[in-house]
């Protein structure tokens, strides 16, 4: 008798836990005419819970040393590399060829390594010491915007997902991601990778579900500081952009085609940073008179 | 001793900004005339030179009473300031006028001597007829952190002054920081100073506006705490009428009108009086004046 | 022995009477104002198509200074078209030449500084001391700073090629009319853009004088266009299809409307909006300088400042001393004729703004909060508000939450560092903050944890063209000033 395979239960990822959606709803993912997974159809309450988790994690994640964040991102890449086959298999279930699936997994891993390197460098590149007219030391540095909602690309279930999460968390933000609706399997497995990579619970939260249902919720939630939109749906995007004005969320529109940013771009990281300028007086005694 | 010192530190840049803002006050017309006369009446006309003689002292004392008789209604200066050995001749030259005799003492200007000699110096000046004693603090001991020495010394001199009012010279030009200026002010006030004074005039920089503001603020904090008024005397480097008015603005807006009399505020200066006369003549005549018409002593 | 000093019953300073300062008004003889001003479009002053003009009033005397053209949507479109046409040329001229034009503007503002400051004071009610020492010199400095960027843009954003955005629509408020015009126009021009600027309707005059300067500097026609009018003129500019970027400084409510209006378009946007900044005094602060910082924080420009330090947090151990000093300092503030060189606090910008401020004061009194106002006299005509402070304002009071935009300070006390950080950040705003303490490591803790775009440590309300300025959260999007202030005016590739 043939052995029966164990099927995986795909759940969502909130605050370092894998709950089922509180709504109890699901949508089926099929391959070759057979149901391969029942995905959580996340609700606005799941989003609410995820925002609470992300807000709670923000202070600690932002306060970690840049070196530590860098190592954690690199750790995600290591774990992803180790589970490459699983991701390739899932992407194949979503209809990708083996070659294409492998390419996408490699892209995801390399993106993580790329942003791991930026964690402790973007501050130097994008900071400034400002020569103000007066006896003041004045400098400007980037700081994370806060809790970021992300509408991940639809077509690239893994590389697209990684390409939008990595720059956000590399800069010290926490996030709630709405994964691809049609290719969600790798997003949940990626959550498992994140969960085993020293990423504190709540830094990355991943929901699966329907954009139509959740777009407005992401856009109007008053405790989300920024919304990243990386999906082709103009109508929902414009509506969301309008709704983000309720609390003046930063609205960042990124190309839905992850292929266009395989390597990454530190200016994407900077899209989720605020520049803070600090002033302090400089006492002026001695020195000049002595001709030092 | 430490409990005398304010918990707060001084931010130099903030002090300079406040000074700049005070200096932006525009003093015109009747307030200028009134202010200049007030400033004239606050001057401690000073000569502290090795070559001082009885003749020089007589000259200066006459000027103290008759600053510029051509312009009626001018006040006298507040005091003359001399070395102890010239107190007697100054006293005599001033006769019955209200002008006080102030004497430096305590091994002026360095203060490097024994307490016994300083006390003797002080008692001598008082016995010779000084109304006011301008002492110097032991800056070396202060900078070493030997605050109780400095405190006790001031207290002892204060006792030796008897009825004479004591001005304590901090010699701020040697104290380096405004934090030290503030600390020395707190110390001197609590040790019994009737006035605190910036400088001997022998060290550069002498009085500066930021230093004076910090000292006025020390006086204010003591007044807030105790209701006791202490006087202030910037000395050295004040030679223009405009500068004098800027100090009056500073006093008015820091300590209020009660301090705007020569009982509580003095200028230690030698050439300031003539510049004030120059400006008063200009206000009276409506034309710019010349030094050829003012006595130089 | 007894101290030879006079014992006074209470340590109360006598800060009024005695030696007073005589009036010292700045002369206005040198100033020429036209009876009416047209719109500055394509290098010329033109009549508005509606032929309608509205009066600009001196808030200190309620007298009409001049009449200002009201730009219709058609006029706005004409200005945008002129800017579009000029963009083709302006974006192509040699960057170093572009820089030289902007340097020339800076110099000419300096040459006409006195005229600008007197008109700013007449039109907006701010004290001449501030328009003379702050607004006008900073405006010139802004042009001077950005002029030098024009031919160095390739060094600003590593790894990217830059190009100008196109036509920028810029809308500015009434609190710093000339300075805000400079903040907007200087970086836009340096980056190779052309602009259509709309000043606030109560304070158009210095922008129109700036138009004269720009004309006299020989800038190509249409590079800078200035359209005057109220909210509808601004809306026409925001909605114009011909602009590529909006830069707005003003209220958070209007900022939200603007972003909503341009949602789904490719228009870039920077917003510099409201604030309710915390100014935090620790017990080891340089107290006398901190008191000065409180005064600069809330009474600068009649409190019409988006980054005003309007929420004062004082550590309980020094609260009585700080309050005593603050009250005494307030007594020395001179409120009155803005043209008098000794005036510290000028006129409230307009009757509606005064009404709004007075509503807040009334609300505070009705809530039973302890209030202190300085005892100074104010003129009978014009719009005035004495410096006002409220003690022990609860965090939940409107006075601690809403932007008043006037000389009204809400004071709270605190005990611990964590408490004050939480309260300071407990607001939808995040423009600025102040911290006063002598302890270096505490300063950096606070400056890191406070969610605000500008943090002044042991100082307050300092501005510089080289220093980026802008808000977190609902206080705005993007930065103005410094290298970071170029970004909104460039496309990166």
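Before moving on, here are some points about what is shown:
- Number of the condition not met by residue C:256 [criteria: (1) surrounded by fewer than 24 Cβ atoms within 10 Å (Cβ to Cβ); (2) away from every other protein chain (no Cβ under 13 Å); (3) touching a helix residue (DSSP H, G or I) at 6+ places or on another chain (Cβ under 7 Å)]: (2)
- Segment C:1-24, residues that are modelled with pLDDT under 95 and more than 7 Å from chain B (Cβ to nearest Cβ): C:2, C:12, C:16
Here's the yes/no breakdown for (1) away from every other protein chain (no Cβ under 14 Å); (2) surrounded by fewer than 19 Cβ atoms within 10 Å (Cβ to Cβ); (3) free of Cβ contacts under 8 Å to residues at least 40 places away in the same chain:
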site	(1), (2), (3)
B:23	no, yes, no
B:28	no, yes, yes
B:36	no, no, no
B:45	yes, no, no
B:49	yes, yes, yes
B:54	yes, yes, yes
B:59	yes, yes, no
B:64	yes, no, yes
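- Of the helices (runs of 4 or more DSSP H) lying entirely inside segment B:184-297, those containing at least 3 residues that are under 25 Å from residue B:56 (Cα atoms) and either within 12 Å of chain C (Cβ to nearest Cβ) or in contact with a helix residue (DSSP H, G or I) (Cβ under 9 Å, 6 or more places away or on another chain) (or both) are B:272-285.
- Of the set (1) more than 14 Å from chain A (Cβ to nearest Cβ); (2) touching a strand residue (DSSP E or B) at 6+ places or on another chain (Cβ under 8 Å); (3) under 28 Å from residue C:64 (Cβ atoms), all apply to residue C:235 but (2).
- Output for segment B:152-174, where each listed residue is closer than 21 Å to residue B:15 by Cα and surrounded by fewer than 20 Cβ atoms within 10 Å (Cβ to Cβ): B:174
Let's see how each residue does on (1) in contact with a helix residue (DSSP H, G or I) (Cβ under 9 Å, 6 or more places away or on another chain); (2) touching a residue at least 60 places away in the same chain (Cβ under 8 Å):
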site: A:51; (1), (2): no, yes
site: A:56; (1), (2): no, yes
site: A:61; (1), (2): yes, yes
site: A:66; (1), (2): yes, no
site: A:73; (1), (2): yes, yes
site: A:79; (1), (2): yes, yes
site: A:87; (1), (2): yes, yes
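- Of the residues making up segment A:222-251, those that are within 14 Å of chain C (Cβ to nearest Cβ), part of a loop (DSSP other than H, G, I, E, B) and in contact with a strand residue (DSSP E or B) (Cβ under 8 Å, 6 or more places away or on another chain) number 5.
- Test: residue C:222 is crowded, with 24+ Cβ neighbours inside 10 Å, under 27 Å from residue C:487 (Cα atoms) and in contact with a strand residue (DSSP E or B) (Cβ under 6 Å, 6 or more places away or on another chain): no
- The strands (runs of 3 or more DSSP E) found entirely in segment C:276-394 that carry 1 or more residues being surrounded by 24 or more Cβ atoms within 10 Å (Cβ to Cβ) and within 14 Å of chain B (Cβ to nearest Cβ) are C:278-281, C:311-315.
- Number of positions in segment A:12-25 that are within 13 Å of residue A:188 (Cα to Cα) and surrounded by fewer than 18 Cβ atoms within 10 Å (Cβ to Cβ): 5
- Any hit, segment A:78-99, residues being touching a strand residue (DSSP E or B) at 6+ places or on another chain (Cβ under 7 Å) and surrounded by 14 or more Cβ atoms within 10 Å (Cβ to Cβ): yes
- Test: residue C:62 is surrounded by fewer than 16 Cβ atoms within 10 Å (Cβ to Cβ) and closer than 23 Å to residue C:142 by Cα: no
- Hits in segment B:199-238 (condition: in contact with a strand residue (DSSP E or B) (Cβ under 8 Å, 6 or more places away or on another chain) and touching a residue at least 60 places away in the same chain (Cβ under 8 Å)): B:199, B:200, B:201, B:207, B:218, B:231, B:233, B:235
- Consider segment C:49-82 and keep the residues that are assigned to a loop (DSSP other than H, G, I, E, B) and touching a residue at least 40 places away in the same chain (Cβ under 8 Å). The one that is nearest to residue C:344 (Cα to Cα) is C:60.
- Some residue of segment C:26-39 being within 14 Å of another protein chain (Cβ to nearest Cβ), surrounded by 13 or more Cβ atoms within 10 Å (Cβ to Cβ), in a loop (DSSP other than H, G, I, E, B) and within 26 Å of the chain's Cα centre (by Cα): yes
- Residue tally, condition assigned to a strand (DSSP E or B) and more than 18 Å from residue C:173 (Cα to Cα), over segment C:225-273: 1
- When segment A:149-189 is filtered for residues that are farther than 20 Å from residue A:119 by Cα and in a helix (DSSP H, G or I), the ones remaining, listed by number, are A:185, A:186, A:187, A:188, A:189.
- Hey, residue A:136 within 14 Å of chain C (Cβ to nearest Cβ) and touching a residue at least 40 places away in the same chain (Cβ under 8 Å) or not: yes
- Test: residue in segment A:201-220 that is in contact with a helix residue (DSSP H, G or I) (Cβ under 8 Å, 6 or more places away or on another chain), within 13 Å of chain C (Cβ to nearest Cβ) and part of a loop (DSSP other than H, G, I, E, B): no
- Residue match in segment A:96-118 (condition: touching a residue at least 12 places away in the same chain (Cβ under 8 Å), over 18 Å from residue A:160 (Cα atoms) and within 18 Å of the chain's Cα centre (by Cα)): yes
- Boolean, residue A:197 is under 28 Å from residue C:431 (Cβ atoms), in contact with a helix residue (DSSP H, G or I) (Cβ under 6 Å, 6 or more places away or on another chain), surrounded by fewer than 24 Cβ atoms within 10 Å (Cβ to Cβ) and more than 9 Å from chain C (Cβ to nearest Cβ): no
- When residue A:268 is tested against (1) more than 9 Å from chain C (Cβ to nearest Cβ); (2) within 30 Å of residue B:172 (Cβ to Cβ); (3) at pLDDT 95 or above, just one condition goes unmet, and that condition is (2).
The values are calculated or read from the model by the stated rules, or taken from the named source; none is laboratory data. All of these numbers come straight from a predicted model, not from anything done at the bench. Glycine gets a Cβ as well: all are built from the backbone with ideal geometry, and neighbour counts include every protein chain shown.
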